[in-house]
Structures are given as C-alpha cells and as structure tokens.
C-alpha cells in the first residue's frame, strides 16, 4: 500500500511539474509597456534597457494607442530577421540569438521612443549599434543609453 501511495504521489508531482513548465514556457519573461506618458516623459517605453537570457521573451503591451515595436535595420545581431509589430497590438518576441537589439516606435522614433534589449549579456555588436543614425530626442537619449549598456 505504501508503494502504491508513493507511486501515485510521484506521478501527480510529475504531471503537475510538466504542466507548470509547459504553460510557463509561453509566458513572457519581461513586460514592457508602450506609453504616451510616463512621469515627465512622453512617447516612451516603460523600460529603456531590458536584459534577458537567450530563450526568454519580452511582451510589449500596447497600454496607450498609436505605438508599435520595430527592430532598427542594422541594430540587431547577425542572423536576426526583420521584426515590426502592428500598431495598438500587444506583441511578444522570443530572443534566441545573443547580442544587443535596438528598437523604436516607428512614428515616435524622433521623440525618443527607443529601447535596447541585451540578450545573454552579449555586447559584441555594440559598435554597430553606436553607428545607427538616431535623430531628434532619440539622438541624445541613445548616447545616454549606450553608457548604461
């Protein structure tokens, strides 16, 4: 009887851990809001620099209308394909390639709505990121963010 109880306990524990791992694998590891206003800033992502491990995801939440996420051409590690979300839609992206990913909100990129994701603490493409052409408020902000990377 003890052996049967032990086997049932092990089976239930295994099933629970399997389901928990399965459902947890679909959850974003980090959430970043797309906002019209945060404190004294306008047209911003709630976090300007996010650090994740390889295999983790970011969920960009369309908390305010009129925003999207677009990886900047030349601002991602080699092998990463073009990525541009729809406006006013939550979007999730799983990061499988280490390096720095530079992104912006397409209509608000000159207003300082930019961000960086550092994947796997790999900064091997930092010099390429520094060569990107930012304009408006993003130009000054990008320089500040480079120092925080």
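Bear in mind these aren't lab numbers, they're just calculated from the coordinates by the rules spelled out. Keep in mind that this is a model prediction, so the values were computed, not measured. Positions of Cβ are generated from backbone atoms using ideal geometry, with glycine treated the same way; all protein chains shown enter the neighbour counts.
List of remarks:
- For the range 68-146, the strands (runs of 3 or more DSSP E) that sit wholly inside it and include 3 or more residues that are out of contact with any helix residue (DSSP H, G or I) (no Cβ under 8 Å at 6 or more places or on another chain) and in contact (Cβ under 8 Å) with a residue 40 or more places away in the chain are 114-119.
- Among the residues making up the range 31-67, those that are loosely packed, with under 15 Cβ neighbours inside 10 Å, on the phi < 0 side of the Ramachandran plot and in a loop (DSSP other than H, G, I, E, B) are 40, 53, 54, 65.
- Scanning the range 115-142 for residues that are buried (at least 16 other Cβ atoms within 10 Å of the Cβ) and out of contact with any strand residue (DSSP E or B) (no Cβ under 8 Å at 6 or more places or on another chain) returns 128, 137.
- Filter pass, residue 112 being in contact with a strand residue (DSSP E or B) (Cβ under 7 Å, 6 or more places away or on another chain) and over 20 Å from residue 53 (Cα atoms): yes
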